[in-house]
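Notes follow once the structure below has been shown.
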Amino acid sequence: QVQLVESGGGLVQPGGSLRLSCAASGSIFSINTMGWSRQAPRKSRELVASITGGGSTNYADSVKGRFTISRDNAKNTVYLEMSSLKAEDTAVYYCNADIFSLGRGWGDYWGQGTQVTVSS
């Protein structure tokens with residue numbers, strides 16, 4: 001019943017910006033850590049950024065200073081603001097969250113992914 005849905009992906013020029021959103025819905029009682037990962041065709045999936053319930057953030061070295069993760073607990077939503085985008089950022093971006101679901105307990109949930117393409 002719990003679902004994560006990403007939005008905001010698309011085509012953007014190098015140096016441009018994009019904001020991804022991921023909203024959780026369903027029988028949610030509480031959400032702990034939320035995060036974003038990405039996977040390019042010839043690369044392994046990598047963790048891009050994460051944010052705890054208390055607001056502590058963690059970033060991959062490749063995106064530090066360019067990406068910002070944030071969350072709106074009232075909306076059960078996590079965001080990823082991406083700036084100074086490079087071609088190397090092209091990938092499918094997935095959000096995930098540790099969620100306590102009513103009737104099911106704690107579980108790790110993932111979104112379906114959204115494509116981000118950086119190209120001129």
Verdict on residue 69 being part of a strand (DSSP E or B), farther than 14 Å from residue 4 by Cβ and hydrophobic (A, V, I, L, M, F, W, C)
yes
State all residues of region 28-51 that are open to solvent by less than 50 Å² (accessible area, probe 1.4 Å) and among the hydroxyl-bearing types (Ser, Thr, Tyr); if no residue qualifies, say none.
30, 33, 37, 50
Pair list, Cβ under 6 Å, 6 or more apart: region 96-108 residue surrounded by fewer than 16 Cβ atoms within 10 Å (Cβ to Cβ), other residue outside any strand (DSSP E or B):
102/27
Look through 89, 61 and report the one residue that is open to solvent by less than 10 Å² (accessible area, probe 1.4 Å), over 18 Å from residue 24 (Cα atoms) and either in contact (Cβ under 8 Å) with a residue 40 or more places away in the chain or of a type in the set (Asp, Glu) (or both).
89
Could you say whether any residue in region 66-80 is among the acidic types (Asp, Glu), touching a residue at least 24 places away in the same chain (Cβ under 8 Å) and open to solvent by 40 Å² or more (accessible area, probe 1.4 Å)?
no
For strands (runs of 3 or more DSSP E) lying entirely in region 2-58, having 3 or more residues that are not hydrophobic (A, V, I, L, M, F, W, C) picks out 3-7, 18-25, 28-39
Could you list, ordered by first residue, the pairs with Cβ atoms under 6 Å in which the first is in region 20-31 and over 11 Å from residue 2 (Cα atoms) and touching a residue at least 12 places away in the same chain (Cβ under 8 Å) and the second is of a type in the set (Gly, Ala, Ser) and open to solvent by 50 Å² or more (accessible area, probe 1.4 Å), at least 6 apart or interchain?
21/7
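The values are calculated or read from the model by the stated rules, or taken from the named source; none is laboratory data. It should be emphasised that the depicted structure is a prediction, and the values quoted were computed from it without experimental measurement. Methodologically, a virtual Cβ is constructed for each residue, glycine included, from the backbone with ideal geometry; neighbour enumeration extends over all protein chains shown. Just so you know, the surface numbers come from the protein's heavy atoms only, side chains and all, with ligands and any DNA or RNA stripped out. Shrake-Rupley method; radii C 1.70, N 1.55, O 1.52, S 1.80 Å.
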